[in-house]
Protein chains: 2
Amino acid sequence: MDGATPLTTDALVQLTAMLEPELQATNRAIVARMDSPVSLIPQLAAHLVAAGGKRLRPLLTLAAAKLCGYEGSRQVQLAACVEFIHTATLLHDDVVDESVLRRGYASANTVFGNKASVLVGDFLFARAFQLMVEDGSLEVLRILSAAAATIAEGEVLQLTTQNDLDTTEQKYFDVIRGKTAALFAAACEVGGVIAGRPAAQCAALAQFGMDLGMAFQLVDDALDYSAVQAELGKTVGDDFREGKLTYPVLLAIADADAQELEFWTRTIGAGEQNETDLGSALALMKKHNTTLRSLARAGAFVESACAALGVFPPSPMREALMDVARYTTARRF
Amino acid sequence: MDGATPLTTDALVQLTAMLEPELQATNRAIVARMDSPVSLIPQLAAHLVAAGGKRLRPLLTLAAAKLCGYEGSRQVQLAACVEFIHTATLLHDDVVDESVLRRGYASANTVFGNKASVLVGDFLFARAFQLMVEDGSLEVLRILSAAAATIAEGEVLQLTTQNDLDTTEQKYFDVIRGKTAALFAAACEVGGVIAGRPAAQCAALAQFGMDLGMAFQLVDDALDYSAVQAELGKTVGDDFREGKLTYPVLLAIADADAQELEFWTRTIGAGEQNETDLGSALALMKKHNTTLRSLARAGAFVESACAALGVFPPSPMREALMDVARYTTARRF
């Protein structure tokens, strides 16, 4: 797909450029507000900030506010909140997943230990709520506290489906709706809320974020079985090793013959893996065309996301957000 | 001290009896609101609820509200919030400390695994904020989100002082102020806030809770080197094994001769311990009278706590709260 959709692959760069001053203010707020007299906290937080990341979720808050014609400055602090909640979940995820890499760098738990990652995650989560309280909107607090609870529910559900070959597609979608899409939805909705937009427009923004998040996670899960490690910035096959029942695995299991089912039962169900198994898994994925089928499913969510923005009149920001959604399925693999 | 202060040892029982209907309503709220379609969440939370606990922190919210003549019902849900925040920190603490027992029962991380403990802790924390948002007071949200951030800071500070023999008394007090006293303070203050009491009375309640929390943790840290395991409901010597620089250790190190200092440097500083070391540590604690000296320090906080309540006219509830403070230093050891 390389080169086939040059415009959409630049979509995130384009959105970032359109929101440069707000994003820089958000980055300043992030650095300023992750500070603490307990020096390990900013040290560990800086490790994550230095590792970069696309700032996709805070960008959504900034973009939604701009799409709604918001002219104040509250979106900056709330975008920082969204990033703090995201960072807190990353820190806890890496402990739960025993990850070694995050965005191509050594993960915080590898450098600072699991204990520090758990506790600094807690700090960032609490700090996010302090920033929301400063902002003073109970509606924003309601949206983001509900998202935080839903994220945790999604993560716990993922834990209970791990190694469970009976996991349904429905359950997989429940997991990614919770662990990923809920925060995308909240990040978008908040932009409409501070702009004082009517409920239907706020709901449309939430729908856009939800669909975008679903597409994003579907592609992420597909890439875990297909991307080059260096490009992805993480180890290929993490999900396989952890026995996660992601979409490509569900597709491969649904189409498996008896011998293949035995393979998945041993490697994912029982978690018994040897060094040739990842290669076999990748071959089965290729055989059953799971990557393209995952991208097609993601594409349906992208269409729904773009349709949700139809309640807004055409504008450069609306097009930029739609391009970001379209870009999701054009990521390299 | 057994029997010397019969009235004060019954103080918590007495306070509980005075607040029986509110406490039962709080327990119902806790059970109702820890529910989730993801069944592992109520399962794990129920494990902690079944293990009991004194409900000391929610009792403080209920008592403070009653002391302030509050006649509504908001204290019930906010007391549940306080317990959720406390439970979330317990879940994460047990992961961080690698605890095996909690309140005499197998700890949640032992039964359900570290991953589930981290994630269900996150859920309870988020749910606490949802309940606060439902309550609708930004002032309450401000107090409890600040307490949550301070708790995390205290826990991280404790982590950085672990095995560090240069830890000062000041730093130890910073740790326990954060990890324990901040939530006691917030739990009390919230009771005054919902009763609409003037700032001075709310501050007095916060001061009472803060001092009570300091005394409580000092006694807890003393008990870790002196209590009978069965009475305490946890393993004696946990702090020793984890290399925590608690008050009794600081006292023993300050008074150590060269040979004793070598012992502490090896066992706490370097964390090199053999099976006879806990016995030696207990003998050194006895030699330097660290338990009684810790209790004396706690006693000073109890006095300060009781003095803080002087802004309120005498009443059965004021006396009951003061008795709970006095009871802190009368716990068996």
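The values are calculated or read from the model by the stated rules, or taken from the named source; none is laboratory data. Keep in mind that this is a model prediction, so the values were computed, not measured. Every residue, glycine among them, receives a Cβ derived from its backbone with ideal geometry; neighbour counts consider all protein chains shown. These area figures cover heavy atoms from the full protein model, side chains too; ligands, DNA and RNA do not enter into them. Shrake-Rupley method; radii C 1.70, N 1.55, O 1.52, S 1.80 Å.
So, in region B:236-257, of the ones that are of a type in the set (Val, Ile, Thr) and under 23 Å from B:ASP94 (Cα atoms), which residue ends up farthest from the chain's Cα centre (by Cα)? Among those residues, the one meeting the criterion is B:VAL249. Scanning region A:168-185 for residues that are among the hydrophobic types (A, V, I, L, M, F, W, C), more than 12 Å from every other protein chain (Cβ to nearest Cβ) and buried (at least 20 other Cβ atoms within 10 Å of the Cβ) turns up A:ILE176, A:ALA181, A:PHE184, A:ALA185.
Could you say whether any residue in region A:192-200 is facing another protein chain (nearest Cβ under 9 Å) and either over 22 Å from B:ALA148 (Cβ atoms) or in contact with a helix residue (DSSP H, G or I) (Cβ under 7 Å, 6 or more places away or on another chain) (or both)? Before you say what the answer is, go through the steps one by one.
The first filter runs over region A:192-200 and keeps only residues facing another protein chain (nearest Cβ under 9 Å), leaving none.
No - not one qualifying residue is present in region A:192-200.
When restricted to residues that are in contact with a helix residue (DSSP H, G or I) (Cβ under 7 Å, 6 or more places away or on another chain) and either of a type outside the set (A, V, I, L, M, F, W, C) or open to solvent by 70 Å² or more (accessible area, probe 1.4 Å) (or both), region A:282-302 contains 6. Among the candidates A:LEU48, A:LEU12, the residue that is over 19 Å from A:VAL111 (Cα atoms) and under 21 Å from the mean Cα position of the chain (by Cα) is uniquely A:LEU12.
Give the residues of region A:113-138 that are more than 8 Å from every other protein chain (Cβ to nearest Cβ), open to solvent by 30 Å² or more (accessible area, probe 1.4 Å) and in contact (Cβ under 8 Å) with a residue 60 or more places away in the chain, sorted by residue number. The answer is A:ASP135, and nothing else. Checking each residue in region A:271-281 for being open to solvent by 60 Å² or more (accessible area, probe 1.4 Å) and in contact (Cβ under 8 Å) with a residue 24 or more places away in the chain picks out only A:GLN273. In region B:24-36, the residues that are touching a residue at least 24 places away in the same chain (Cβ under 8 Å) reach residues that are of a type in the set (Asp, Glu) with C-beta atoms within less than 7 angstrom, at least six apart or across chains, in these pairs: B:ILE30/B:GLU83; B:SER36/A:GLU153.
Condition check: open to solvent by less than 40 Å² (accessible area, probe 1.4 Å), of a type in the set (A, V, I, L, M, F, W, C) and more than 19 Å from A:VAL175 (Cα to Cα). Does A:ALA256 satisfy that? Yes: the conditions hold for A:ALA256. None of A:GLY213, A:GLY191, A:GLY237, A:GLY154 is open to solvent by less than 10 Å² (accessible area, probe 1.4 Å) and farther than 22 Å from A:ALA325 by Cβ except A:GLY237. Scan region A:52-80 for residues that are open to solvent by 10 Å² or more (accessible area, probe 1.4 Å) and outside any helix (DSSP H, G or I) and the total you get is 9. Regarding region B:47-58, can at least one residue be identified that is at pLDDT 95 or above and under 22 Å from B:GLU134 (Cβ atoms)? Among the residues of region B:47-58, at least one is at pLDDT 95 or above and under 22 Å from B:GLU134 (Cβ atoms), which makes the answer yes.
On the stretch given as region B:69-94, residues that are of a type outside the set (S, T, N, Q) and more than 17 Å from the chain's Cα centre (by Cα) total 7.
Sort through B:LEU141, B:LEU159, B:LEU165 and tell me the only one that's touching a residue at least 12 places away in the same chain (Cβ under 8 Å), closer than 30 Å to B:ARG293 by Cβ, in contact with a helix residue (DSSP H, G or I) (Cβ under 8 Å, 6 or more places away or on another chain) and at the interface with chain A (Cβ under 8 Å from one of its Cβ atoms). Outline the logic, then answer.
Details: B:LEU141 fails: closer than 30 Å to B:ARG293 by Cβ; B:LEU165 fails: at the interface with chain A (Cβ under 8 Å from one of its Cβ atoms).
Matching residue, one of B:LEU141, B:LEU159, B:LEU165: B:LEU159.
Looking across region A:10-51, the residues that are small (Gly, Ala, Ser), within 14 Å of chain B (Cβ to nearest Cβ) and surrounded by 20 or more Cβ atoms within 10 Å (Cβ to Cβ) come down to A:SER36, A:ALA45. Looking only at region A:303-311, decide whether some residue is over 26 Å from the mean Cα position of the chain (by Cα) and either open to solvent by 70 Å² or more (accessible area, probe 1.4 Å) or more than 30 Å from A:LEU15 (Cα to Cα) (or both). No: region A:303-311 contains no residue that is over 26 Å from the mean Cα position of the chain (by Cα) and either open to solvent by 70 Å² or more (accessible area, probe 1.4 Å) or more than 30 Å from A:LEU15 (Cα to Cα) (or both).
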